[in-house]
Amino acid sequence: NSTKKSWDAWLDSTREIAREKVIPNLWCGTSVGYQDAAYEYVPEITNVTAAAIRFLSLEPLIGPVDLEPNWCQHCGATEHELRASGEFVPTPEGAPWCGCCDTEMCGLGWCLDPCANGNRGIQWGIVGAESGRKARPMHPAWERKLRKQFDDAGVAYLFKQHGEWVPVETCDDKAPREGDVWCFGGGHKGPNGCTQPWAPGTKPANVGRWDEFGDVLMRRIGRKASGDMIDGKRLHVFPTTEE
């Protein structure tokens with residue numbers, strides 16, 4: 001609670017200083033490594049309307065993140081929040097509807113300025129995998145989906161690193177070997193996360209997991225060897241501010 005009060009006090013003082021105008025050298029960001037963190041933290045930084053740039057550091061990315069939930073342009077609540085409060089009321093035609101404001105919700109998402117009333121959009125996305133001795137692999141589809149969402153929204157995108165692991169299909173030696181692991185799409189929980197060691201003659205165990213992204217065989221080659229190239233490109237794009 002003390003942290004929340006300090007944050008609110010800082011936000012109020014910043015708005016007062018800015019008088020609701022944009023401060024060109026104020027950048028506000030938050031770390032988002034999985035979907036629940038997005039629901040909790042993205043609305044916080046989109047409320048900092050005095051910031052010239054709002055950014056998301058999706059690193060380490062340890063699970064799938066969707067930045068395009070339906071949300072209300074009037075009260076700012078996401079579909080996730082309205083479902084939790086019982087105020088999400090779809091129309092008979094299936095259109096998402098905010099029962100709190102009695103209005104249709106927008107489906108363009110957090111990172112799109114057309115939906116970002118009063119300078120609330122996300123201008124920069126940074127994505128990277130986990131590194132270190134206990135690093136878990138990043139499913140390539142998690143990054144690919146985020147990159148598409150940022151690209152479609154015209155948001156600057158920086159891919160930072162693959163971390164310790166890369167898909168076996170991108171290696172020179174594509175034959176599975178000891179030490180490779182299957183990475184599933186549901187996101188990591190605990191030290192082993194959503195992985196299963198590869199073994200000759202075995203297939204991934206299809207038990208209690210989310211299969212939207214499928215199974216990918218990953219190999220640990222180290223952060224230095226994996227580098228920061230993605231699909232043959234180095235994506236280091238930075239946002240710009242208007243003077």
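The values are calculated or read from the model by the stated rules, or taken from the named source; none is laboratory data. None of these values were measured; they are calculated from a predicted model. Backbone-built Cβ (ideal geometry, glycine too); neighbour counts: all protein chains shown. The protein model used for the area step is the full one, side chains on, heavy atoms only, and it has no ligands, DNA or RNA in it. Shrake-Rupley method; radii C 1.70, N 1.55, O 1.52, S 1.80 Å.
The fraction of accessible area contributed by carbon and sulfur in the chain is 51 percent, rounded to a whole number (1.4 Å probe; ligands and nucleic acids excluded).
Under a Gaussian network description of the chain, with springs only between Cα atoms under 10 Å, the residue in 57, 85, 31 that fluctuates furthest is 85. Take every DSSP beta bridge whose two residues both sit in the chain; close to 50 percent of them are antiparallel. For the chain, the per residue solvent-accessible surface stands at 55 Å², with DNA, RNA and ligands left out and a 1.4 Å probe. Along the axis of the charge dipole computed for the chain (Cβ charges of +1 for Lys and Arg, -1 for Asp and Glu, origin at the Cα centre), the listed residues 197, 101, 128 are led at the positive end by 197.
Given the Cα-Cα distance of residue 133 and residue 241 and 0.36 nm per residue of separation, how much length would full extension add, in nm?
Working: separation 108, 0.36 × 108 = 38.88 nm, distance 3.80 nm.
Fully extending the segment from residue 133 to residue 241 adds 35.1 nm.
Only Cα sites of the chain enter the Debye sum here, all with the same form factor; the resulting log10 I(q)/I(0) across q = 0.08, 0.13 1/Å is -0.37, -0.89, listed in q order. The distance between label points at residue 31 and residue 103 comes to 3.5 nm (points 7 Å beyond Cα on the Cα→Cβ vector).
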